[in-house]
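Q: If you scroll down you'll find the structure; I have some questions about it.
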């Protein structure tokens, strides 16, 4: 395989990764929107659609491994291929979080939500934006951008804490709301974990570009750090 | 023949590194709950050091495997072993992250000692550690039957987790004053449950390495939502 063909193959893999990311981003935002609209059919569709994400993961993994096995890539290209293997796993797991939120919608069923959904959709949008930017950083090999993205996690943590306190106040006022409040806490938890996985992607981008391992965790004090 | 021995020897070295990584993670799991019980905040820093070491070893294993795949072109079982090594190292790193999250709960529960749930959480941690030990051992011995038995252990772990969660729900409803602490502890328990699910992921990779197939408990089929912990009947119908 010529260098040009190898580069084309790498580019194709990267395009596949970006396309998979778009599907995951959409699933994440839609999962919360469906919860807000109490759209059970949509949630069931989203759960079934997770299989497509899983299949894409394995297809990209297989292609990356084939390229490694057949082309004997050097250090930089090897880091790039290893990064694709890592990012594809993180994307698949973020897809699982979206599926988890869809399942919570079904679990809540006909029961009314214990509070109106205002902050959770905002949290989902912010997580989606972080994810999108992290893949942009990867595509452009932009370590500066990758280092900057985790700072946005503070906003997500802030929203998580706000939702958490609000739900606790509901529980304290009326212990009968425990079940409903817990469901919504798990939704917030899944969105917060999504942001953590985006940070893993950012760390991997920095490693790919610079060859240096770095921890990009933002402030980890508070409830969010045990979620 | 020489090439095969070379591949096999290199993979064996990486397997050794994986076992060392597993040892650190197992210790971390038990220590995390110990710190939680003792409300030991200083220990958290130590776990942070462990986490960094884990990250370095994991990356070394990953790069070692990529190098073998790239330069020695292993076939069939050896190739599967190399892929499994990468995946298992990644799962171990995530289990370490779950352990750290368990320990972090201790800075949030200082005011109230919820003793009974803490005992149950300790039990959860020892179960996960035993499962991990068994899964790693099955990798070394290429023992698919032992790996599959980890999946049965996971069911028992789920049941134990549900018991802990119910205990904490009772605490929350009977004493809303400590609801916050109980929720923190529920997160600690949930992290242990997730760690257990990652161990089943490891067991599946062992099967993949040895026989080339994965069972129903493949990690991609696991879901990060607490199934049926709040409403067992409702979850069972979905």
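Q: Taking residue B:39 as the residue in question, decide whether it is within 12 Å of chain A (Cβ to nearest Cβ) and either over 30 Å from residue A:70 (Cβ atoms) or surrounded by 15 or more Cβ atoms within 10 Å (Cβ to Cβ) (or both).
A: So residue B:39 fails the test.
Q: Further question: Here are some conditions: (1) surrounded by fewer than 20 Cβ atoms within 10 Å (Cβ to Cβ); (2) part of a helix (DSSP H, G or I). Residue A:117 meets all but one. Which one does it not meet?
A: For residue A:117, the exception is condition (2).
Q: With respect to residue A:72, is the statement that it is within 10 Å of chain B (Cβ to nearest Cβ) and free of Cβ contacts under 8 Å to residues at least 40 places away in the same chain true?
A: So residue A:72 passes the test.
Q: Another question, then. Please list, ordered by residue number, the helices (runs of 4 or more DSSP H) wholly in region A:1-110 having 2 or more residues that are out of contact with any strand residue (DSSP E or B) (no Cβ under 8 Å at 6 or more places or on another chain) and on the phi > 0 side of the Ramachandran plot.
A: Here the list is empty.
Q: Is at least one residue of region A:123-139 farther than 30 Å from residue A:38 by Cα and surrounded by fewer than 18 Cβ atoms within 10 Å (Cβ to Cβ)?
A: Scanning region A:123-139, I find at least one residue that is farther than 30 Å from residue A:38 by Cα and surrounded by fewer than 18 Cβ atoms within 10 Å (Cβ to Cβ), so the answer is yes.
A quick yes/no check of all residues on (1) more than 9 Å from chain A (Cβ to nearest Cβ); (2) in a loop (DSSP other than H, G, I, E, B); (3) touching a residue at least 12 places away in the same chain (Cβ under 8 Å):
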position: B:50; (1), (2), (3): yes, no, yes
position: B:56; (1), (2), (3): no, no, no
position: B:70; (1), (2), (3): no, no, no
position: B:74; (1), (2), (3): no, yes, yes
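Q: Would you confirm whether or not region A:4-16 contains a residue that is within 14 Å of the chain's Cα centre (by Cα) and at pLDDT 90 or above?
A: no
The values are calculated or read from the model by the stated rules, or taken from the named source; none is laboratory data. Small disclaimer: the values here were computed from a predicted structure and weren't measured. When we count neighbours, we look across all protein chains shown, and the Cβ atoms used for this are built from the backbone with ideal geometry, even at glycine.
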